[in-house]
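Taken together, the values in this text are just the output of simple stated rules run on the coordinates, not laboratory data. As the structure is a computational prediction, the values presented were derived from the model and not from experiment. Glycine gets a Cβ as well: all are built from the backbone with ideal geometry, and neighbour counts include every protein chain shown.
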Amino acid sequence: MNVRDSEAVLHRFVTQGYRIARSEAEADVILLNTCSVRDLAEEKACGKMASLHARKRENPNLVLGFLGCMAQRRGGDLLHEFPEVDLVLGTQKLHEALTQVERIRAARAASLAGSPSAPLRVLEVEAEPGSQNQIREHLPSSRKASAFVSIMQGCNMRCAFCIVPVTRGPERARPMDEIVDEVQKLADQGTREVTLLGQIVNLYGRRELPTLHGRSPFVQLLEKVCSIPGIARVRFTSPHPIGFRDDLIGALRDLPPLCEHIHLPAQSGSDRILRAMGRGYSRSRYLELVDRIRAAVPGATLTTDLIVGFPGEEEADFAQTRSLVETVQFDQAFLFRYSPRPGTSAAARSDSIREEEKLRRHHELLALQDAVARQKATQLLGQEVEILIEGESRKSPHRFQGRTRGNHLVLVRAEERWRGELLPVRIVETTGFTFYAEPVLAEETEERSPGVPTPPAPAR
């Protein structure tokens, strides 16, 4: 979600004549869009800003700012802790970044011209009605294969570990027609895939829009987006098991552009910990939902989030989470050590788990999930799949990267004619996490171009 927010902020600067700098060394404005989900994310942001202090001494005209969730949570404390920072904008004020930077630069110019004044420092963290509608513009691009589309902001769930309701505010949905119009414009520019974003995306519009003929507002939106000419693929993230009902499962089965990849955060496999987290479902209910999804969409890719070391988690609870991973056989899992967040109910608990124990459980669960992922990855070997070519691989300029409908990362040799296109390929090798493929094209059978040698699978 921060990636999408950052793009919307950048769009406002670019359309007013600013250029995205190639490096920090040549930048006149550096804004850090921050995260507060875990303490480590805040530490990294603060460390990065501290490293920019020397640049500010070298270039006093440099504008430095914090945006987003940490800015929202810590507010004016950041201005006190970092004297070099000029701007702190919370999650509902991101659209003001350009205006406030211009104010700061204008005040400096006036000071240099002889108008005595204190340096202008800006703090804006108040709630703003309609702010969810401001994340709608995209950076201009000659061909953007895939794009994120924000459909809502905020969350009302209040899970015991989660700071999002504090930093993002309550659920607020964008108007459906505005979202459809945004996707239509992307399609007109050549975008083939969109990912709909929300803190709990499947609860989109539940307070603002009616259910029609048994279809939730989110499913109604999916139907509209999937009907837009040119949009070949639609994804969404992240849903919550609460609200993942039959109409959504039916949409996954019946809407051809809707990809067979479901990210379904479990957080724990223990009923006792799920209750303590306030997740609103049991282990058995989660497993029943997985069974319903797989019955409707055979071969669907399932990924999840899991937390180890939640306060009060005993070895028996952790064993239940291990068992969940073994039972469900997730294609991928994002594993986190519990991090207490201010303002959450779990942070006040006294039965915290020692860090070394969290680390042990994390390593143990990661080893289990990696083994599951490698075993599942071998099932794709030799299969013909369709990937959407996104562009150059981050690690090799001789390769393009793309993703299957199930969200598997695939590398193929780079040919410019394939950029932004849907390409049939055959999987020939895997590390368990990255796949290597050869194109399957009619002309390939007549005259196959020389390929880049497939590298050996890296050791992990």
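What is the Cα convex hull volume of the chain when expressed per residue in Å³?
With only Cα atoms used, the chain gives 167 Å³ per residue.
Would you mind telling me the antiparallel percentage of the DSSP bridges in the chain, rounded to 5?
Here the antiparallel bridges make up roughly 40 percent for the chain.
Can you tell me which of 267-273, 154-160 comes out highest on packing, and rank the rest after it, using the mean Cβ neighbours within 10 Å?
Top of the packing list down: 267-273, 154-160.
How much length, in nm to one decimal, is gained on full extension between Lys185 and Leu366, taken as 0.36 nm per residue of separation minus their Cα-Cα distance?
61.1 nm
Simple spin-label model, 7 Å along Cα-to-Cβ: Leu40 to Glu26 in nm?
Using points 7 Å along Cα→Cβ, the separation is 3.3 nm.
Mind sorting Thr15, Thr321 by how few other Cβ atoms lie within 10 Å of their own Cβ, fewest first?
Final ranking by Cβ density, sparse to dense: Thr15, Thr321.
Using a basic spin-label model with each label point 7 Å from the Cα along Cα→Cβ, how many nm lie between Thr211 and Ser345?
2.5
Show that you can apply the helix-only estimate: for the chain, add -39,500 (n - 2.57) for every DSSP H stretch of four or more residues, divide by all residues, and state [θ] at 222 nm to the nearest 500.
That calculation yields -10500 deg cm²/dmol at 222 nm.
What do the square roots of 5 times the Cα gyration tensor eigenvalues come to for segment 291-333, in whole Å, largest first, as semi-axes of the equivalent ellipsoid?
25, 10, 8
In debye, nearest 20, what is the charge dipole magnitude of the chain about its Cα centre with +1 on Lys and Arg Cβ and -1 on Asp and Glu Cβ, if you could check?
In debye, rounded to 20, the chain gives about 580.
Rounded to the nearest 0.05, what FRET efficiency do Leu441 and His398 have when you use their Cβ-Cβ distance and R0 = 22 Å?
My answer for the efficiency is 0.75.
Report the full-extension gain for the segment Phe334 to Asp246: residue separation times 0.36 nm, less the Cα-Cα distance, to one decimal in nm.
Between Phe334 and Asp246, full extension yields an extra 29.1 nm.
Quick one: length gained pulling Thr99 to Asp177 fully straight, 0.36 nm per residue minus the C-alpha distance?
Computed gain between Thr99 and Asp177 is 25.3 nm.
Hey, if you put +1 on the Cβ of every Lys and Arg and -1 on every Asp and Glu Cβ in the chain, which of Ile151, Ser216, Ala41 ends up farthest toward the positive end of that dipole?
Value: Ala41.
Give, rounded to the nearest 20 debye, the magnitude of the charge dipole that segment 2-124 has about its Cα centre when Lys and Arg contribute +1 at Cβ and Asp and Glu contribute -1 at Cβ.
160
Please give the FRET efficiency for Gln375 paired with Arg285, using the beta carbon to beta carbon distance and R0 = 35 Å, rounded to the nearest 0.05.
Working from the Cβ atoms, E equals 0.85.
Hey, what did the chain get for relative contact order, percent, Cα under 8 Å, at least 6 apart?
With pairs under 8 Å counted, the relative contact order is 10 percent.
Measure out, as a whole number of angstrom, how far apart the alpha-carbon centroids of segment 21-36 and segment 244-285 sit.
If we compute the Cα centre of each part, the gap is 37 Å.
Beyond a 32 Å Cα-Cα separation, which of these cross-linked pairs lie in this structure: Lys44/Lys395; Lys56/Lys144; Lys224/Lys395?
Correct reply: Lys56/Lys144; Lys224/Lys395.
Please check which bits of segment 68-86 a label hung off Leu120 would reach, taking the label as a point 7 Å along Cα-to-C-beta and the cut-off as backbone N under 17 Å.
Only 85-86 fall inside the zone, counting backbone N under 17 Å.
Rounded, prolate or oblate: which fits segment 381-445 when a ≥ b ≥ c are the square roots of the eigenvalues of the alpha-carbon gyration tensor, with rounded for a/c under 1.5 and prolate only if a/b beats b/c?
Cα axes put segment 381-445 in the rounded bin.
For each cysteine in the chain, check whether another cysteine's C-beta sits under 4.7 Å from its C-beta; list those where none does.
Singleton cysteines: Cys35, Cys46, Cys69, Cys155, Cys226, Cys259.
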